Amino acid sequence: MTAPAPPRPRPSARPRHLKVCGARTRADLTLLAEAGPTLVGLWHGVPGGPADLSEQHLAHLAATAIRLGLEPVLVTFLDDADQLADLARATGIRWIQLHAYQNPHLVAELRHRLPYAVLVKVLHLSRGRCLERPFIGAFERAGCDLFLLDTVTDDGRVGSTGHPLAPADVHTLLPRLTIPFLLAGGLSAANRDTYRTVTDHPLYAGADIDTAARGPAGDFTHEAVTALTHAWHPRPKEASV
């Protein structure tokens, strides 16, 4: 007898997530678990990406993250629903972040195959213009749980570029959204106040950071991640200070 699927989580519209992206080792996960983020981005199917993982390595790190109390997030350019569903089932990953230019039909197919999954679709902003703007409603109707707002560089690079979003450009887009969103794009501990009006929005659900979590050598550092946690995901007693 097949076990029933776990209940589908309902992401909160309250700001409660800090996602640090691009973990590559068990040591990365241990550091993140100690420093305070709630989500960890694991790359797979990102050709040429510096943190791209094999399927076997992805499965190992996902299991480790879960044991450490982190929620693993599959960050991928893949656009095959069967492949993604099989991967999610094999690794135990519930959160899937579609980080390229996948279409609403893929979201609908994944929702059908993985009713319990949390589906995150990235909305790319290039020079202040959202490239997926005409399809936002279609993504929502297809079953997307959250959007993630991120930048596209002038040369077309997406994901972990360290290029910031302008708060005014974010505010221009927000009236189109009816589901929660995560904020990305060059976030750091130093520029938290720049985005205060964005993070006060009722649909803001957290921050997604990569570059600012790393030291000069390109590895996560406890100091950098702790600073990000204090700035973007303070514990209740820290938030009240």
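The values are calculated or read from the model by the stated rules, or taken from the named source; none is laboratory data. Note that the structure is a prediction, hence the values are computed from the model and not measured. No Cβ is skipped: glycine too gets one built from the backbone with ideal geometry, and neighbour counts run over all protein chains shown.
What the table shows:
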{"item": "Options H222, H233; residue that is surrounded by fewer than 17 Cβ atoms within 10 Å (Cβ to Cβ), in contact (Cβ under 8 Å) with a residue 40 or more places away in the chain and under 30 Å from R26 (Cα atoms)", "result": "H222"}
{"item": "Residue check, V75 at pLDDT 95 or above, under 25 Å from S54 (Cβ atoms) and in contact with a strand residue (DSSP E or B) (Cβ under 8 Å, 6 or more places away or on another chain)", "result": "yes"}
{"item": "Test: residue in the stretch 50-66 that is surrounded by 15 or more Cβ atoms within 10 Å (Cβ to Cβ) and among the acidic types (D, E)", "result": "yes"}
{"item": "Number of the exception - V107 against (1) at pLDDT 95 or above; (2) surrounded by fewer than 18 Cβ atoms within 10 Å (Cβ to Cβ); (3) within 14 Å of K121 (Cα to Cα)", "result": "(2)"}
{"item": "Single residue of the stretch 78-100 satisfying the filter (assigned to a loop (DSSP other than H, G, I, E, B) and of a type in the set (G, A, S)) that is modelled with the highest pLDDT", "result": "G92"}
{"item": "Residues of the stretch 16-43 that turn out to be among the β-branched types (V, I, T) and touching a His at 6+ places or on another chain (Cβ under 6 Å), as a count", "result": "1"}
{"item": "Test: residue in the stretch 144-164 that is free of Cβ contacts under 8 Å to residues at least 12 places away in the same chain, under 30 Å from D86 (Cβ atoms) and small (G, A, S)", "result": "yes"}
{"item": "Any hit, the stretch 83-94, residues being surrounded by fewer than 15 Cβ atoms within 10 Å (Cβ to Cβ), touching a helix residue (DSSP H, G or I) at 6+ places or on another chain (Cβ under 7 Å) and closer than 12 Å to H44 by Cβ", "result": "yes"}
